[in-house]
Amino acid sequence: MEKYEHKYNADQIQVLEGLEAVRKRPGMYIGSVSVRGLHHLVYEIVDNAVDESLAGYCTDINVVIEPGNIISVEDNGRGIPIDIHPKTHISAAETVFTVLHAGGKFGGDSGYKVSGGLHGVGSSVVNALSEWTEVTIQRDGGIYQMKFERGKTVMPLTKIGDSNKTGTKVRFLADNTIFETLNYDFSTLEERMREMAFLTKGLRIKITDQRKEVPETSDFCFEGGLISFVEFLDKNKEALNPKPIYIESAGEYPVEIALQWTTQYQENIYSFVNNINTIEGGTHLDGFKISLTKIFNDYARNKNILKDKEDNLTGDDIREGLTAIVSVKVKEPQFEGQTKTKLGNSEIKGVVMQAMNEYLVAFLEENPKIAKTILEKCISASRARIAARKARESVRRKNVLESTTLPGKLADCSSNNPEECEVYIVEGDSAGGSAKQGRDRRYQAILPLWGKMLNVEKSRPDKIYNNDKLNPVILAVGAGIGQEFDITKIRYGKVIIMADADVDGAHIRTLLLTFFFRYMRPLIENGNVFLAQPPLYKLSKKGMEDKYCYTDEDLEKAYEELAGKGITRDQLGLQRYKGLGEMNPEQLWETTMNPETRILVKVTMEDAMKADATLSLLMGDDVDPRREFIIKNAKFVKNLDI
Ligand code: 0R9
């Protein structure tokens, strides 16, 4: 066995300090140490494999969640270079895993430059935050391996065998002293892998969950790339242009766009920079929207579909029912905004506009029938918009005259300071009653909602405004909806959805989240929307204070803890809460509403997007996908329901 020399010199000491900094402040590098941050570790490693694919050398990526929450990611690229740097005496591969790289710079001083490389700064961060990491490289006829513990090299790169294949495999166990949980959510990872496969045409990504008795596998490979992505998003909708319009331009900043209009009313645009979802948009999305509006208006005037005296169509009119993906690659992206997901590079706006001009103008000229169908839809959207404005104005006038701006069902709080105020949107009248009695009325307001909610999926904005279920929510929040939503007017700093942990509760949560996502998006972006977490169980025993548990894990922990105090399971009374209605006002306050003891989950854009996608699936016209979803989630539903 050949072993590479390994010495600690001044450079290496700096390296150790660098990784120590990552361990001290992990949030700075991966956002958080919650399950989100945990998933981020996987994305970092997969990103590097995808980069190798973008460089043109890797066709397959294999991700496995092994028993014990060990992650394994393998690619069939060239293998990370193994040669030794003459000055540091460290292999390029070890450098990648131990040197904290500055943003965008790839490969450190290894001497390698990665052509398609866009991320690649994460391997050392993953290594620093893992209990152990094991890297196996096949290249130059050999199999090489190195091992680390909490970022420190415990086995430098060592030849362990021969091979005529090439590739890289990274296995790691995240550090449980850093992360709140090591429990990966398969469907979250699966979704991201699907997205990555859509964004990288032809790349095959397989993900397997080996933690269960019967492993679950998903295998993604899309020859159509973004076209497949849009078809996937619209699979339960009726398309106006059955084949998505596809725009691709190479060059310094590659641009890829796919567009499809459906008979629906919502716009569904997702933008990506270097395969990262830019939730807050940015210059690429601006360029896309501006040129889309201009190209369609120019075409409509040119063909006399819009008459001289008619107003231009607005961007909203044109984007009604549009599903689109805008994906750009930028070597040195600047990210801005609250969640650092807004592209700032100003030159990209023009790059996207030029790509649109080159391809979309020609497409419309060559496909007049499709162009006409889409424009008819835009014109009908424009008419509906004008009608909706009139309806809103009349509602507003009425409100001013009657000065009843707050819904009757709302039990408002006494404070007027939005920063300290919160509104609980509660499912059902009985839970609403308990919440009203249990709350702290100085700053907690209760809005009960009941009955079947409006299907946001199938409604134009004017209907939403006048809907008797959503109108109270709009009035209570107090900041309008859609384009007119004004976050500075919100009446409550926290909008808290409180619903049961059962199927009906899940339904109302999905509907409300979708409504907020589509009509009050800044509320979610600004972090004002929360989910209350009612407990699932109560453990009680004479002479002992009641103990509430919020998850099955919690319950197990509580049992263990009490066993330590000599209290056995059969000495404990276990109550399972089926719904909020089963709790009396004091219990509801103590477990779910008291800021000192409650658990609130902040809703992220990711959560809202998921709710939106789920709702489209559940409410679409097609029965098959709905059945599929219900079958797939049947287990989950049963767990919640018993
Ligand atoms: C399983 C996860 N995969 C990786 O992390 C991975 C990194 C990587 C890579 C290269 C090839 N495959 C990879 N997989 C590579 C090879 C070569 C040049 N650049 C990149 C080459 O053979 O010439 N590297 C990522 C960074 C580095 N390599 C480098 F800095 F060491 F060069």
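The values are calculated or read from the model by the stated rules, or taken from the named source; none is laboratory data. Here the structure is a predicted model, which means the values were calculated and not measured. Because the Cβ atoms are built from the backbone with ideal geometry, glycine has one as well, and the counts that use them run over all protein chains shown.
Give all pairs with beta carbons closer than 6 Å in which a residue from the range 54-75 that is over 23 Å from V328 (Cβ atoms) meets a residue that is assigned to a loop (DSSP other than H, G, I, E, B) and aliphatic (A, V, I, L, M); count only pairs at least 6 apart in sequence or on separate chains.
Partner pairs satisfying both residue conditions: N69/L182.
Among the residues of the range 511-529, is there at least one that is outside any loop (DSSP other than H, G, I, E, B) and over 18 Å from D612 (Cα atoms)? Steps first, please.
Here is the first cut: in the range 511-529, the ones outside any loop (DSSP other than H, G, I, E, B) are 511-519, 521-525, 529.
Checking which are over 18 Å from D612 (Cα atoms) leaves us with none.
The answer is no; no qualifying residue exists.
Could you tell me which numbered condition N304 fails, if it satisfies all but one of (1) on the phi > 0 side of the Ramachandran plot; (2) in contact with a Leu (Cβ under 7 Å, 6 or more places away or on another chain); (3) not aromatic (F, W, Y)?
For N304, the failing item is (2).
Give me the helices (runs of 4 or more DSSP H) completely within the range 278-374, filtered to those with at least 1 residues that are more than 28 Å from the chain's Cα centre (by Cα), more than 22 Å from V255 (Cβ to Cβ) and of a type outside the set (G, A, S), ordered by residue number. Walk me through it before giving the result.
Working: elements: 283-302, 315-319, 347-366.
In the range 278-374, the matching helices (runs of 4 or more DSSP H) lie at 283-302.
Could you tell me whether H85 is more than 11 Å from the ligand (Cβ to nearest atom), over 31 Å from the mean Cα position of the chain (by Cα) and surrounded by fewer than 20 Cβ atoms within 10 Å (Cβ to Cβ)? Lay out the reasoning, then the answer.
Values: more than 11 Å from the ligand (Cβ to nearest atom): no; over 31 Å from the mean Cα position of the chain (by Cα): yes; surrounded by fewer than 20 Cβ atoms within 10 Å (Cβ to Cβ): yes.
Taking the combined requirement at face value, the residue does not satisfy it.
Among I61, I80, I90, which is the only one that is more than 9 Å from the ligand (Cβ to nearest atom), within 30 Å of N176 (Cβ to Cβ), surrounded by 23 or more Cβ atoms within 10 Å (Cβ to Cβ) and among the aliphatic types (A, V, I, L, M)? Walk me through it before giving the result.
Numbers: I61 fails: more than 9 Å from the ligand (Cβ to nearest atom); I80 fails: more than 9 Å from the ligand (Cβ to nearest atom).
Step by step, each of I61, I80, I90 is checked, and only I90 is more than 9 Å from the ligand (Cβ to nearest atom), within 30 Å of N176 (Cβ to Cβ), surrounded by 23 or more Cβ atoms within 10 Å (Cβ to Cβ) and among the aliphatic types (A, V, I, L, M).
Considering the range 593-608 alone, what residues qualify as being assigned to a loop (DSSP other than H, G, I, E, B) and of a type in the set (A, V, I, L, M, F, W, C)?
Taking the range 593-608 as the starting set, the residues that turn out to be assigned to a loop (DSSP other than H, G, I, E, B) are 594-599, 603-604.
Scanning the range 593-608 gives I599, V603.
Would you call R521 under 25 Å from A387 (Cα atoms) and either charged (D, E, K, R) or surrounded by fewer than 19 Cβ atoms within 10 Å (Cβ to Cβ) (or both)? Spell out how you get there, then give the answer.
Details: under 25 Å from A387 (Cα atoms): yes; either charged (D, E, K, R) or surrounded by fewer than 19 Cβ atoms within 10 Å (Cβ to Cβ) (or both): yes.
Yes: the conditions hold for R521.
What is the residue count in the range 21-39 for residues that are among the hydroxyl-bearing types (S, T, Y), part of a helix (DSSP H, G or I) and surrounded by fewer than 14 Cβ atoms within 10 Å (Cβ to Cβ)? Walk me through how you get there before you give the answer.
Of the range 21-39, the ones among the hydroxyl-bearing types (S, T, Y) are 29, 32, 34.
From the residues that got through so far, the ones that are part of a helix (DSSP H, G or I) too are 29.
Those still in the list that are surrounded by fewer than 14 Cβ atoms within 10 Å (Cβ to Cβ) too: none.
Selection size over the range 21-39: 0.
Please verify whether the range 199-206 includes one or more residues that are under 18 Å from the mean Cα position of the chain (by Cα) and either crowded, with 22+ Cβ neighbours inside 10 Å or in contact (Cβ under 8 Å) with a residue 60 or more places away in the chain (or both).
We begin by selecting, within the range 199-206, every residue under 18 Å from the mean Cα position of the chain (by Cα); these are 199.
Pick out the ones that are also either crowded, with 22+ Cβ neighbours inside 10 Å or in contact (Cβ under 8 Å) with a residue 60 or more places away in the chain (or both) and you get 199.
Checked against the condition, which is being under 18 Å from the mean Cα position of the chain (by Cα) and either crowded, with 22+ Cβ neighbours inside 10 Å or in contact (Cβ under 8 Å) with a residue 60 or more places away in the chain (or both), the range 199-206 yields at least one hit.
Going through the range 269-301 one residue at a time, which ones are modelled with pLDDT under 95, in contact with an Asp or Glu (Cβ under 8 Å, 6 or more places away or on another chain) and not charged (D, E, K, R)?
Across the range 269-301, the qualifying residues are N275, N277, I279.
Are there any pairs, at least 6 apart or on different chains, whose C-beta atoms fall under 8 Å, with the first in the range 320-332 and at positive phi and the second aromatic (F, W, Y) and in a strand (DSSP E or B), and if so, which?
Close Cβ pairs satisfying both conditions: G321/W261.
Regarding the range 525-540, can at least one residue be identified that is at pLDDT 90 or above, over 19 Å from R598 (Cα atoms), out of contact with any Gly (no Cβ under 9 Å at 6 or more places or on another chain) and crowded, with 17+ Cβ neighbours inside 10 Å?
Scanning the range 525-540, I find no residue that is at pLDDT 90 or above, over 19 Å from R598 (Cα atoms), out of contact with any Gly (no Cβ under 9 Å at 6 or more places or on another chain) and crowded, with 17+ Cβ neighbours inside 10 Å, so the answer is no.
Any idea which residue in the range 156-180 is surrounded by the fewest Cβ atoms within 10 Å (Cβ to Cβ), counting only those that are of a type in the set (D, E, K, R) and within 16 Å of the ligand (Cβ to nearest atom)? Please lay out each step first, then the result.
If we filter the range 156-180 for residues that are of a type in the set (D, E, K, R), which is where we start, we get 159, 162, 165, 169, 171, 175, 180.
If we keep only those that are within 16 Å of the ligand (Cβ to nearest atom) as well, we get 165, 169, 171.
Numbers: K165: 10, K169: 20, R171: 19.
Only one residue fits best here, namely K165.
Those residues that are part of a helix (DSSP H, G or I) and within 12 Å of L447 (Cα to Cα), I need them from the range 465-494; list them, please. Don't jump to the end; show me each part of the working.
Of the residues in the range 465-494, the ones part of a helix (DSSP H, G or I) are 465-466, 470-477, 482-484, 487-489.
Correct list: L470, N471, P472, V473, I474, L475, A476, V477.
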